[in-house]
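Read through the structure below, which is laid out as structure tokens, and then see the notes.
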Amino acid sequence: GDWGGQRKVLDHFEKTGSPYRILPMNLYYHFYSGIKNISMDATITVLDYLREGNYTGIFASDYINIVEDFYHTTIQKKDKAFYIENSGFLRTLRFPGEIYPDMEQSRGVIGFLYESGQTYIHLNGQKHYTLVLSDKKVTTPYVRQTTLTTDTFSIGMNTLTLEVRGFGKAYASFG
């Protein structure tokens, strides 16, 4: 067999986020990946690739909850507001084009990321959200990207509080 075939997953990972993020990335390997040097080298190459990127590591059981939430999330639109309800596991919404959330009027929205012609809205897991859109660029601090699950994001007079959980490399960027 192709003992170094594990490297082929990198092609899939490269295509996962283009033209927009739609598929999860999953790495699963068996103990026999260490039987031959070529297979061990391939596994290390893939692990190094994942360590270098800004990816959010989750357990398969968490992914199942996210998928269930995807199918059961309700979204109602009224004027410039979206009212979203789910179980708090699905925490990202994707909109085509560049949009701006009104961070002061929105509830449960912790930030957004514009990437590859899509806007990804980040939610905090509170189960009931109000997303109000604005024509103006956001001027208050917000979460642009993080590799951990964010439960709380708040801004005080001279403080910014971020409560996160997860595993792997911790990375966060703010706008």
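The values are calculated or read from the model by the stated rules, or taken from the named source; none is laboratory data. Note that this is a predicted model, so its numbers are computed, not measured. Note that each Cβ is placed from the backbone with ideal geometry, even for glycine, and that neighbours are counted across all protein chains shown. The area values use the complete protein model at the heavy-atom level, side chains included, leaving out ligands, DNA and RNA. Shrake-Rupley method; radii C 1.70, N 1.55, O 1.52, S 1.80 Å.
Fully extending the segment from Ser173 to Ser116, taken as 0.36 nm per residue of separation minus the present Cα-Cα distance, adds 18.8 nm.
Were the residues from Asp2 through Glu104 laid out at 0.36 nm apart, the gain over their Cα-Cα distance would be 31.3 nm.
Computed over protein heavy atoms with a 1.4 angstrom probe, the accessible surface ordering of Val143, Val164, largest first, is Val164, Val143.
The angle between the Cα long axis of helix 37-52 and the main principal axis of the chain comes to about 20°, on a 0 to 90 degree scale. Net charge dipole, the chain: roughly 120 debye, given to the nearest 20, about the Cα centre with Cβ charges of +1 for Lys and Arg and -1 for Asp and Glu.
Round to the nearest 0.05 the FRET efficiency obtained for Tyr32 and Ser61 when R0 = 22 Å and r is the Cβ-Cβ distance. It comes out at approximately 0.35. The solvent-accessible area of Met25, taken with every protein chain present and a 1.4 Å probe, is close to 60 Å². Summing charges over neighbours of Tyr114, with a neighbour being any other residue whose Cβ is under 15 Å away from its Cβ, gives +2 when K and R count +1 and D and E count -1. Glu85 contributes about 90 Å² of solvent-accessible surface, heavy atoms of the protein only, 1.4 Å probe. The chymotrypsin sites (Phe, Trp or Tyr not before Pro) of region 143-175 that DSSP puts in a loop, and whose beta carbon has at most 15 other beta carbons within 10 Å, are Phe167, Tyr171.
Against the chain, whose longest principal axis is taken from its Cα atoms, helix 60-72 shows a tilt of about 40°. The label-point distance for Arg165 and Thr140, in a model that sets each label 7 Å from Cα toward Cβ, rounds to 2.6 nm. The figure for Phe89 is an accessible area of roughly 90 square angstrom, using a 1.4 Å probe on the protein chains alone.
Using a/c under 1.5 as the rounded threshold, could you call region 1-73 rounded, prolate or oblate? The axes a ≥ b ≥ c are square roots of the C-alpha gyration tensor eigenvalues, and prolate needs a/b larger than b/c, oblate otherwise. Prolate, since a/c reaches 1.5 and a/b exceeds b/c. Legend: residues Lys80, Lys136, sorted from most to least accessible area (1.4 Å probe; ligands, DNA and RNA excluded), read Lys136, Lys80. Each label was represented as a point 7 Å from its Cα along the Cα-to-Cβ direction; for Tyr71 and Gln126 these points are 2.9 nm apart.
Checking (i) 28, 17, 15; (ii) 29, 20, 11; (iii) 34, 17, 15 against semi-axes √(5λ) of the Cα gyration tensor in Å calculated from these atoms, the matching label is (iii). For region 93-139, the relative contact order is 46 percent, taking Cα pairs closer than 8 Å that sit 6 or more residues apart in sequence and dividing their mean separation by the residue count. Ordered by solvent-accessible area of protein heavy atoms (1.4 Å probe), largest first, the residues Ile38, Ile99 come out as Ile38, Ile99. Here each label is just a point 7 Å from Cα along the line to Cβ, and for His12 and Ala81 those points are 4.3 nm apart. Computed on region 14-123, with alpha-carbon pairs under 8 angstrom and 6+ residues apart, the relative contact order is 19 percent.
Heavy atoms of the protein chains alone define the surface here; on that basis the chain has 65 Å² accessible area per residue at 1.4 Å probe size.
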